[in-house]
Structure formats: C-alpha cells, structure tokens
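Each reported figure results from applying straightforward, stated rules to the coordinates on display, with no laboratory input. Since this is a predicted model, take the numbers as computed values, not measurements. All Cβ positions, glycine included, derive from the backbone under ideal geometry; neighbour counts span all protein chains shown.
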Amino acid sequence: MGKRLRLSLLGITGIVLSCSFAVGSLAVTYPKVPNPPAKYPAGELGKMVKLGENIIMHTNTNPLTKNLVGNKLNCTSCHINGGRTKALGTFIGTALSFPAYSKREKTVQTLQDRINNCFMRSMDGKRPVIDTKASVAMAAYVTWLSEGLPIKMNPKKPVNPYYTNLWPNKKLNPIIKSATHKNYVRGKEIYENRCASCHGTGGQGNRQFPPLWGKNSYNTGAGMSKIGKMASWVLYNMPLGNPNLSEKDAVDVSIYVDAQPHSDFDLTKHLFPRSEMGYYNSKVLHERHNVRSNFAKPWGLDIDKIRGDHKIKGSSINP
Ligand code: HEC
Ligand code: HEC
C-alpha cells in the first residue's frame, strides 16, 4: 500500500493524524486530505464529470443552472477551486459520507439531495429537480473527487468525513456566545483592513470578487449566514491566498459580515410547485430565517445591541 493511500485511510477513520500546517500563522489544524484524482474517467462518464465541473465553476452562467441561481455566486465561491482545495469546503471525500442522515430534513439524504439543497440557500435560488442532467452531473463530479477512497457513512450529519469535527469548529462557540458590540466594531476594522480590498467596502463584490452581503450574496438559510460556520470556513480560506486570521478575528469579522443585510429565507419560496419539483426527500416543508433570528438562535445575541443601531428590521433585504 502506498504511503499516500495508507495516510488517507487512517485520516478517514478519524485517527488523530492531523497536523498543524505551517502556512503563515494559521490558527487551524489541517486533516490529511488526499490529492484529487489525476485523470478524468473515460467515455460518457468522463463527459458527465466534466459537465458537473463546469457547473460547479460557472453555476451562474451554465445554461443548465443559470435560471436556478438567485445571486451572483458560484459553487466555487465557497468550495474553492471547485472543491479541489484541501481546506474546509473541499469536495475531496464528500461523496464518501453519502447517503447520510440530516437533522435539517429529518431524512437520509443522497449526495444529489445535498447538492440540490445548496441552490436554495447559498445560491439563493431554486432547488433543481432530482435526476435532471445538472443534478446528475454535479454528483458525478463530486463523486469523482473521492475516486479510490473508502466509504465512511455518517448516521449523524451529511458532512465530509475529513471535516466532520471541524465544521463547524466548536472551539469558536464561547467567543461567539459572549460577543458584544465591541466584537462588531473590531470585525468592521478587520473587514476594512483585510477583506474590503477585494470584496468592496459595501460587501458588494465586483466582476472578479463575490459579494458578501446584499441581495447578490447568500441568504439567511445558508451555512455561511451562521456565525460559527462562517468563522470556521474563514479560518481556512480567507483572506484568499493568505488565510491567517486568529480564531477571535475570524469570529469578529464573521459577526460583522453576517450582521449586514442578507435576504430572508423562506423554504417554500425556493421549491418549485409540487407538480414540477418531483420527489422532495424531506420531512420538513417549512423553515424560515432572517439576520435577527440567526443571531438569536442558537447564540442568544441581540442584533440591535451587536450592531449598536436598529437598522436590521425583522426582515432584512428582500430582492
Ligand atoms: C456561500 C457559500 C457556499 C456556496 C456558494 C455553496 N456552498 Fe456548499 N456548502 C457551504 C457550507 C458553509 C457548507 C457546510 C454547511 C453545513 O454544514 O450546514 C456547504 C456544504 C456543501 C456540501 C456538503 C458536503 C460537505 O463536504 O460537507 C455539498 C455537497 C455542497 N455544499 C455543494 C455545493 C454546491 C454543489 C454548490 C453550488 C450549487 C454549493 N455547495 C455552493 C457553502 C457554500
Ligand atoms: C485577495 C482577494 C480577497 C481577499 C483579501 C478576501 N477575499 Fe474572500 N474571496 C475572494 C475570492 C476570489 C472568493 C471566491 C473564490 C473563488 O471564486 O475562487 C472569495 C470568497 C469569499 C467568501 C464566500 C463567497 C461569498 O461571496 O460569500 C466569503 C464569505 C469571503 N470570501 C470572506 C472574506 C473575508 C471575511 C475576508 C477578509 C478576512 C476576505 N474574504 C478576504 C477574494 C478575497
């Protein structure tokens, strides 16, 4: 057995085989995520994998998905390099844990379900119909990135096995729970010094860099709109190319960004009418969130006190 394969097997079984990466002063532990496969599969399967890759990179413009996306993001905006990254948000290993039980839907979710659900939240759009070409292609691509790795089913949550315990990172919870207006002010400072040069002072992004808030970004049902998840992700990924924030700074900047306007989430608005949407594998048909509720639950934070104003109403920006 080659060294790489042996390491990856151990990594998946969750044995402590992680190491601290020596990138800058990175405050995170990297699990041993193997390399993505070097070659596409042959024939029709290979074509499908490549189509899926194109959709993940260009979700917003690919003819099969552009009408399903409601903002200016692509999957690759968060699953960096189309999920070929080894940082949190990687798709290498993701297919290993599916089908997996999801508390959110209260059903066992397939990889296609999981992928399709991202359209409603992170992409603020419509859930694709299951088994359409786009849905099959994305699942083929994500599955290919785990080629050769052993299955690792998860009865508790539908998450990549390499990052099960890091997404979200529970070490951050005490910092979030005790947050005050000071964290927000500090978050604004970090944003302006470390983020705004790319994402814009108003979080609006531009042609090259994706928006972080407003109607063109993720909505309040997205993982990124939850402070703990955003901070966990930021630790590994931002500032792009030099992710070196401390845990406290990652939390503060996430508090600042998630306290800006993001569209309200109402699950029913992201599903096609029953007659068109095909089978929806979920027992939960109603779910709502807004900026205020995301701070209140589970953190017990009052958005007005955190911001120090009353600018966020019960509902925030609604495009
Ligand atoms: C705004 C950022 C963002 C965008 C855009 C986004 N995702 Fe995600 N994605 C996340 C976060 C955060 C999670 C983890 C969420 C959680 O655990 O609740 C996640 C989890 C997933 C997972 C679960 C597997 C894993 O590795 O844990 C899949 C599959 C996935 N996304 C696919 C997609 C696809 C396909 C798209 C494009 C249609 C997409 N995502 C767009 C942020 C994003
Ligand atoms: C050098 C430019 C650059 C800097 C600086 C930067 N980002 Fe990003 N960020 C990007 C790019 C580019 C992407 C999308 C990745 C892609 O498409 O490959 C991104 C994606 C994101 C996303 C997910 C997509 C979205 O729009 O919601 C978040 C959240 C984010 N950045 C937060 C931050 C935060 C917080 C900081 C500061 C700590 C920061 N970024 C600094 C370039 C940058």
Subject >> Other-chain or far-sequence residues with amide H under 5 Å of Thr107's (modelled H) >> reply: Ser102, Lys283
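Determine the shape class of the chain: with a ≥ b ≥ c the square roots of the Cα gyration tensor eigenvalues, call it rounded for a/c under 1.5, and otherwise prolate if a/b is greater than b/c, oblate otherwise. Walk me through the numbers on the way to the answer.
Details: a/c = 1.63, a/b = 1.20, b/c = 1.35.
Judged from the Cα gyration tensor, the chain comes out oblate (a/c at least 1.5, b/c at or above a/b).
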**OP:** Tell me the label-point distance for the pair Met277, Val129, using the 7 Å Cα-to-Cβ offset, in nm and rounded to one decimal.
**Re:** 1.4
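How much length is gained on full extension from Leu285 to Asn244, taking 0.36 nm per residue of separation minus their Cα-Cα distance?
Working: separation 41, 0.36 × 41 = 14.76 nm, distance 3.96 nm.
Extra length from Leu285 to Asn244 when fully extended: 10.8 nm.
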Original post:
Relative contact order for the chain using alpha-carbon pairs under 8 Å, separation at least 6, rounded to a whole percent?
Top reply: 19
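Under a Cβ-Cβ cut-off of 13 Å, what is the net charge of the residues other than Asn281 that fall near it, where Lys and Arg count +1 and Asp and Glu count -1? Working shown, then result.
Working: positive: Arg104, Lys106, Arg114, Arg127, Lys283; negative: Glu105, Asp113, Asp131.
Net of charged neighbours comes to +2.
Which entries of Lys188/Lys269; Lys152/Lys226; Lys66/Lys269; Lys182/Lys269; Lys66/Lys305 show an alpha-carbon separation above 28 angstrom in the structure shown? Provide the component values of the computation, followed by the final result.
Values: Lys188/Lys269 32 Å; Lys152/Lys226 26 Å; Lys66/Lys269 17 Å; Lys182/Lys269 36 Å; Lys66/Lys305 38 Å.
Violating the 28 Å limit, Cα to Cα: Lys188/Lys269; Lys182/Lys269; Lys66/Lys305.
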**OP:** Label segment 43-144 by shape, choosing from rounded, prolate and oblate, from the square roots a ≥ b ≥ c of the eigenvalues of the Cα gyration tensor; if a/c is under 1.5 it is rounded, and otherwise prolate applies when a/b is larger than b/c, oblate when it is not.
**Re:** rounded
**OP:** Treat each spin label as a single point 7 Å out from the Cα along the C-beta direction, and report the Lys106 to Lys39 distance in nm.
**Re:** 4.8
**OP:** Provide the net charge surrounding Thr94, with neighbours chosen by a C-beta distance below 11 Å and charges set as Lys +1, Arg +1, Asp -1, Glu -1.
**Re:** +2
Original post:
For a label point 7 angstrom out from the Cα of Lys269 toward its Cβ, which stretches of segment 91-124 have the backbone nitrogen within less than 20 Å?
Top reply: 117-124
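Rounded, prolate or oblate: which one fits segment 68-222, using the alpha carbon gyration tensor with axes a ≥ b ≥ c (rounded when a/c is under 1.5, else prolate when a/b beats b/c, else oblate)? All intermediate terms of the calculation are to be shown ahead of the outcome.
Numbers: a/c = 1.91, a/b = 1.44, b/c = 1.32.
Because a/c hits 1.5 or more and a/b exceeds b/c, segment 68-222 counts as prolate.
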**OP:** Please find, in a Gaussian network model of the chain (springs between Cα atoms separated by less than 10 Å), the residue of Asn60, Asn206, Asn183 whose mean-square fluctuation is greatest.
**Re:** Asn206
**OP:** In a Gaussian network model over the chain where Cα atoms closer than 10 Å are linked, find which of Pro34, Pro158, Pro273 has the largest mean-square fluctuation.
**Re:** Pro273
